[in-house]
1. If I filter region 50-90 down to residues being open to solvent by 80 Å² or more (accessible area, probe 1.4 Å) and under 30 Å from E34 (Cβ atoms), which single residue comes out as nearest to the chain's Cα centre (by Cα)?
2. Checking the condition farther than 20 Å from A181 by Cβ and either open to solvent by less than 40 Å² (accessible area, probe 1.4 Å) or at pLDDT 95 or above (or both), which residue from A239, A215, A224, A245 passes?
3. Looking only at region 512-538, count every residue that is outside any helix (DSSP H, G or I), in contact with a Lys or Arg (Cβ under 7 Å, 6 or more places away or on another chain), more than 19 Å from G664 (Cα to Cα) and open to solvent by less than 10 Å² (accessible area, probe 1.4 Å) and tell me the total.
4. Could you check region 467-496 and list, in sequence order, the residues that are open to solvent by less than 40 Å² (accessible area, probe 1.4 Å) and either more than 23 Å from the chain's Cα centre (by Cα) or more than 27 Å from G721 (Cβ to Cβ) (or both)?
5. Determine whether region 600-607 contains at least one residue that is more than 29 Å from G405 (Cα to Cα) and either at pLDDT 95 or above or surrounded by fewer than 22 Cβ atoms within 10 Å (Cβ to Cβ) (or both).
6. Report, by residue number, each residue of region 134-158 that is open to solvent by less than 10 Å² (accessible area, probe 1.4 Å) and either part of a strand (DSSP E or B) or among the hydroxyl-bearing types (S, T, Y) (or both).
7. Going by the structure shown, is L262 in contact (Cβ under 8 Å) with a residue 40 or more places away in the chain, within 26 Å of P159 (Cα to Cα), surrounded by fewer than 18 Cβ atoms within 10 Å (Cβ to Cβ) and over 19 Å from the mean Cα position of the chain (by Cα)?
Amino acid sequence: MRHGTSTLAPWVAILSMGLWWGLGTPAWAGTIDEASGRLLFEGSSLGISLDEVASLPSDLAPVLLDKDGEPLGESIFAQRFRTDPEGLEGQGYLELGGDFATLQLHLEALGSRFTGRRVELRFWQKPEGTRLVATLTWYLSDQENPGIGVFLGRFIFQPTGRATDDGWEEWTSGPVDFAAAGLLPPVLLEISDVQEDRSWQAITRDRQQRVRLDALEVLDHGPAAVPQASCTRLSQTLACGPMGACVLGRCVDAALRYGPALQDPGLRSDYLDRRLFEFKAFEGGRMPQSLMGALQDRVETLRQETSPSRFWPVFQAGVAALRDGHASGPAFGASASQVVTNLGICIHLGEADLLPHGGRAPLVFSVEGTNPVADLLEVGDVLTAIDGLAPFDWAVAAGLGARHGGDPACFDVVLSPSLLTSALLAGSSLSFARCVPPGPGISCEPEAVQTIEIDLAGLAEETLWAGQVPDWFWQSGRCDYRFRRGVEHPDVSSYSFAGFADDGPVRTLIINGVPSLYWSEEWANQVLAALSPPPAYLILDQRTGSGGGVDATDYIMGLFLTESDFDRIEIVPQIDRTLDATTWAALSSCRMMTDMNDCGGYWRWSLHEYSDLAPSLRGVAGATRVAVLNAMDVSGNDFTSRLFTYRGGPTRIFGPAPTYGAFGPIAELPAHLDELSGGSMQFWDSIFVEQPQDQPMGFATGVGVPPDQIVLQRQSDALAGVDTTIEAARAWLLEE
């Protein structure tokens, strides 16, 4: 006889079979009858037995997809149903897995039944070599062109904690308001072979593995929990309630924004313990390890937390507090934040030297779009307020600091380009200031300052919430942290771009990262061409500073550093002992005998080792006078910036703030409970050793490389078409 087990409180109702039921009273999940061991439906608002194709309501437009996402014919669909009167529920089940990968159910037809209600979707699965993962998705669709839509939210299902002794497990969406903002039902329920969901990972897929699916329910838990209300990011707690979040100026269920919190208390506590253990055990950054209490404290506040609007942001804030620039928390859901664009407007940190108050402020660097927002703005406009607060005060109040795990000193630089998209996602109001100076070097009087007000919530109401997805919504400028470029090329902002050009005696070499040489041969060729033979004066413009591979970093810095400038970097994982002389000797000895995989992850990066740079090219640009232009520089570009500080040749770093401070390789964490992402961290930290005889001291992660000369793009220069940073670099280069 089958028996059910659960970590949940027992359900108090015994329910009988049925499909469609009224919504007058809340429904309870099916129960397992102790006498027969069978699951019974008796109060579900919708219960689907999955006995045959006909058991799936035609209103849900059921589709079975193969491993390539192509629909399978009805006859093949019918063959996937198996008869099993002694099974979990009804007379059979649907067999999925391998080439029969995904069941799609389209839920718009349920809008008339469940709009205004809080629901829960549940199903049972029995793994037989593989298992199922399920997602629920909402879109804002264009009424005239239903195929065009803006992704609003998607999240994964989780175990309820109920299971049977013969292998059946129950999974749930968790309670969620059926209609987003009280208007939009979910578009799609997908239940898929987890092998397809993880197809991007390095796994072996077995097409012969199967999994059973049965007993799909929609439970009605009563009225919707989130009010139909307008909101801003700052007012969402008051306007939307504890279960809501603000998206595009309207309250929606927070599960659409962040993913659901884990519902079962035991599962939730186990999950938090697991994630906390991973960071404690494997986080390689020594400063992040010293700050682990910040994550621990936040985790403890989440033991009883069921609101997604607190659960995931609080956890992520704890991860960000570690100051591991490579660390990120897990993701149970994805939201419109993944697709919201900058409307063709690039905003970066600048100096509002023409405004009466002056100071650092987000500045419009370029306007490429043609839309109701871009049409109001001009280069040099200053973002002065979001929802009535100073922009970075708003960013802190809105919780955007949880996105930044690097050196806090570069927070403003990193966050500036995302302020517009964050405000658009929230449906905020923006205030810009513009002034035309009365003369060179003269700031504007207060009465001469023009204010531009932009209501992003109103714009969303007129378009997206009204069922219109205008073409201009997808306009997005490629922003690269510099006002002007020393090199003109269609791909100048692309990650793998490298190029150079001369302006008089000064050569400019642009890179946007250090892409691995395995797939960026042209990048390496351009870098070498710019430096061989070396120019007398060089601007190295790192621009987007997006990091990359050890080999490319070693390659470019091997051209700038002579062998007497720098020796090596010690890359050390988390270890359970003091790094004394004995431990260092053991690590070094191990490295000499084998590879890093046999040394607990320890490895040594000696200059020139990973790029295999020809001896004749090592330090070929060692005497060149180099101005390094930084902005938002992370990972590989952290390393280049730090290595430039050891250079014997004349060098100066220009930029608005320190680099990110992420000195170590990034490693992904495994997904748990079918998360969309398991998160990431550094398993290593780095020690820079200048000379061979020097003792390794001082881990680097958590503190970025400060510029030798702090430079911000001035508003007055922007109006004149002048790049402040480039001009400062040229002046230094040519001053000798």
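The values are calculated or read from the model by the stated rules, or taken from the named source; none is laboratory data. The structure presented is a predicted model; accordingly, all values stated were derived computationally and were not measured. So basically every Cβ, Gly included, is an ideal-geometry build from the backbone, and we count neighbours across all protein chains shown. With ligands, DNA and RNA removed, areas are computed over all heavy atoms of the protein, side chains included. Shrake-Rupley method; radii C 1.70, N 1.55, O 1.52, S 1.80 Å.
1. E52
2. Matching residue, one of A239, A215, A224, A245: A215.
3. 1
4. Listed by number, the residues that qualify are G467, V469, P470, F473, R482, F483, G486, V487, V492.
5. There is no residue in region 600-607 that is more than 29 Å from G405 (Cα to Cα) and either at pLDDT 95 or above or surrounded by fewer than 22 Cβ atoms within 10 Å (Cβ to Cβ) (or both).
6. Across region 134-158, the qualifying residues are A134, L136, T137, W138, L140, V150, L152, G153, F155, I156, Q158.
7. no
Here is a yes/no grid of residues against (1) among the small types (G, A, S); (2) closer than 21 Å to G545 by Cβ; (3) touching a strand residue (DSSP E or B) at 6+ places or on another chain (Cβ under 7 Å):
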| site | (1), (2), (3) |
| --- | --- |
| S611 | yes, yes, no |
| A614 | yes, no, no |
| T624 | no, yes, yes |
| N630 | no, yes, yes |
| D638 | no, yes, no |
| S641 | yes, yes, yes |
